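Throughout, read-outs are computed from the coordinates displayed, never taken from laboratory work. Because the structure is predicted, anything quoted here is derived from the model rather than measured. We place every Cβ from the backbone using ideal geometry, glycine too, and count neighbours over all the protein chains shown.
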Amino acid sequence: MRYYSTRNASGAVSYAQAALAGIAPDGGLFIPEEIPSYSRSVLSSLGSMEFPDIAFETIRPYVHPEIPDAVLGDMVRDAYPFGAPLIAVGKRFMLELFHGPTAAFKDFGARFMARSFSYLRRGESKPLTILVATSGDTGGAVADGFSGVEGVSVTILYPKGRVTPLQEKQIAGPGGNITALAVEGSFDDCQALVKAAFADEELQKRLVLSSANSINISRLIPQAVYYAAAAGRAVAGKSDPDGEATPRAGTAAGHGSGTEDRRSGQGVSFSVPSGNFGNLTAGLYAKAMGAPITLFIAATNVNKTVPDYLESGDYKPRPSQATISNAMDVGAPSNFERMASHWSYEELNKSIQGVWVSDEATRETIAQVRREAAYFLDPHGAVGWKGACELDKQGKLPGGPLAILGTAHPAKFIEVVEPLAGRPPLPPSLARLEGRSVVCKTIANKLEALKEILYA
Ligand SMILES: *Cc1c(COP(=O)(O)O)cnc(C)c1O
């Protein structure tokens, strides 16, 4: 597969070049020259295939021939010892994407990216230095994904005192090839430092630099996998037993009366809690590949740039506002450029319904779903749930199964969830963190301070 920049359709690059560079030299995002299709035999067996096999079939055309099939097969098995359970909650499904090591969906992208970087850099003598700025969740997933990966060292910048203690343990706990830097400044300052580092000629000469943020194509592609897997299962009328991560108290409260309520056999609608729109873009790839998907719901918090665009046709990025679903506090979603370069406004409007949800409604939803269906939602999943309810009320949803993406485990946002719904169970991945010590360095918000650490 060859890749182009969203801003220049002439210069094609390989998967390796697109993945390792992260962003195109002209500032655009890399997109594949075409979106491949699933074979007929894969489409007819999506409902019964194992997760790593769907991962293999989904990712293969995007990385072929640079990653040989045997290597890719090992990579996806190693990256995904966990899957994405589809859990019946009332008449709907929750697609639980938080069974990985950092209990959020970013594990799916980060774990594949790390393994693919390691393979693409095999035999190189100079290590690859990855720089990432994080407001919380990305840093944990990247730290875990790259921890112990040979030939790669990772430096993560986060705003000092502005991530949760749990997030800090995920970012600054692994040590080894992962360096955690608490920057005296905001997330925007961290991002500006990373940008300045990439623009610095001396740094570029001395190190082999790469980024691992959510615009990287190698993080995006693996996120198409769980849409295809879930759509296949829902259409086949299958779901999974309650995930261990959020077991429901006792009885069958709110379980609904069987799959016929959830209208198997028809294409699936997904409600996607969205911020930077990488997750939803990956869903559009899965649909374009032929997965049985009818509609996406772009559910945001008050940072509703994309829902506004879908309604008006005007794209107006703006500064972000803080909310309780803070991984979605994005006013200028970076993946919008990718969506808009693949599809026209009319096409996007056919595939996506936009909706936004206030913090107040998000809180009510967490309490209500716990009460009525004995299920714990995290604030992001709650935005997806409530958004779907709103559109359903307005008669804007097609028939067929509806699945809401659970993008983070509720225990990750215990400060919000516990007062509303009681204490969610702690999954083993998060329980393990409790005894973990944090090793980080504090640095001034200055490029010189960052350079000193990188040269050390
Ligand atoms: C990153 C994140 C999102 C937003 O995903 P995008 O791909 O940026 O739209 C939603 N929920 C959680 C928990 C996240 O960490």
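Provide Rg over Rh for region 1-138; use the alpha carbon set for both Rg and the Kirkwood Rh (inverse mean inverse pair distance).
Numbers: Rg = 16.8 Å, Rh = 17.0 Å.
In region 1-138, Rg relative to Rh is 0.99.
What you get for the chain, charging only the Cβ of Lys and Arg (+1) and of Asp and Glu (-1), is a dipole of about 240 debye around the Cα centre. The charge dipole of region 124-193, taken about its Cα centre with unit charges on the Cβ of Lys, Arg, Asp and Glu (plus for the first two, minus for the last two), comes to roughly 100 debye. Computed from Cα atoms, the angle from the helix 69-79 axis to the main principal axis of the chain rounds to 80 degrees. Between R2 and T164, the FRET efficiency from the beta-carbon distance, with R0 = 45 Å, is close to 0.65.
Counting beta carbons within 10 Å around each of I87, I366 and listing the fewest first gives the order I87, I366.
For region 4-62, the spread of Cα coordinates along the three principal axes comes to 43, 19, 14 Å, biggest extent given first. Less than 5 angstrom separates the built amide H of G406 from those of L95, E96, L97, all sequence-distant by 5 or more or on a different chain.
With neighbours defined as other Cβ atoms within 10 Å of a residue's Cβ, the residues S429, S10 order from fewest to most as S10, S429. Give the Debye-formula value of log10 I(q)/I(0) at each listed q (0.23, 0.24 Å⁻¹), with one equal scatterer per alpha carbon of region 124-230, two decimals each. Debye output, listed in q order: -1.29, -1.34. In region 259-409, a dipole from Cβ-located charges (positive for Lys and Arg, negative for Asp and Glu) runs towards its positive end, and of A291, S312, V357 it is A291 whose Cα lies farthest in that direction. DSSP assigns beta bridges within the chain; of those with both partners inside it, close to 20 percent run antiparallel. Applied to region 402-411, the Karplus parametrisation 6.51 cos²θ - 1.76 cosθ + 1.60 on θ = phi - 60° returns per-residue 3J(HN,Hα) values of 10, 10, 9, 7, x, 7, 9, 6, x, 5 Hz, with x for Gly and Pro. Label-to-label distance, R206 versus E448, with points set 7 angstrom from Cα along the beta-carbon direction: 1.4 nm.
Which value results for Rg/Rh of region 349-388 when Rg is the Cα radius of gyration and Rh the Kirkwood radius based on the inverse mean 1/r?
Expressed as Rg/Rh, it is 1.05.
Each residue of region 298-310 was assigned a 3J(HN,Hα) from its phi angle through the Karplus expression (A = 6.51, B = -1.76, C = 1.60, θ = phi - 60°), giving 8, 9, 10, 7, 4, 7, 10, 3, 6, x, 5, 4, 4 Hz with x at Gly and Pro. Take the convex hull of the alpha carbons in region 351-433; its mean projected area over all directions comes to 6.3 nm².
Considering only V235, P333, F270, and ranking their Cα positions along the charge dipole of the chain that arises from unit charges at the beta-carbon of Lys, Arg, Asp and Glu, the one farthest toward the positive end is V235.
Taken along its principal axes, the alpha carbon cloud of the chain reaches lengths of 63, 48, 43 Å, longest axis first.
Placing R0 at 35 angstrom, the Cβ-Cβ distance between Y345 and S10 gives a FRET efficiency of 0.90 after rounding to 0.05. In terms of Cα atoms, the Rg and Dmax of region 300-389 work out to 14.2, 43 Å.
The 3J(HN,Hα) values that the Karplus relation (6.51, -1.76, 1.60; θ = phi - 60°) gives for region 118-128 are, in residue order, 4, 5, 5, 9, 4, x, 7, 7, 7, x, 8 Hz. Gly and Pro appear as x.
Just need the relative contact order of the chain here, percent rounded to a whole number, with Cα pairs under 8 Å and 6+ apart.
19 percent.
Placing a pseudo-label 7 Å from each Cα along the Cα-to-Cβ vector at A236 and R423 gives an inter-label distance of 3.9 nm. Maximal additional length on extending the D188-Q321 stretch stands at 46.6 nm, based on 0.36 nm per residue less the C-alpha distance.
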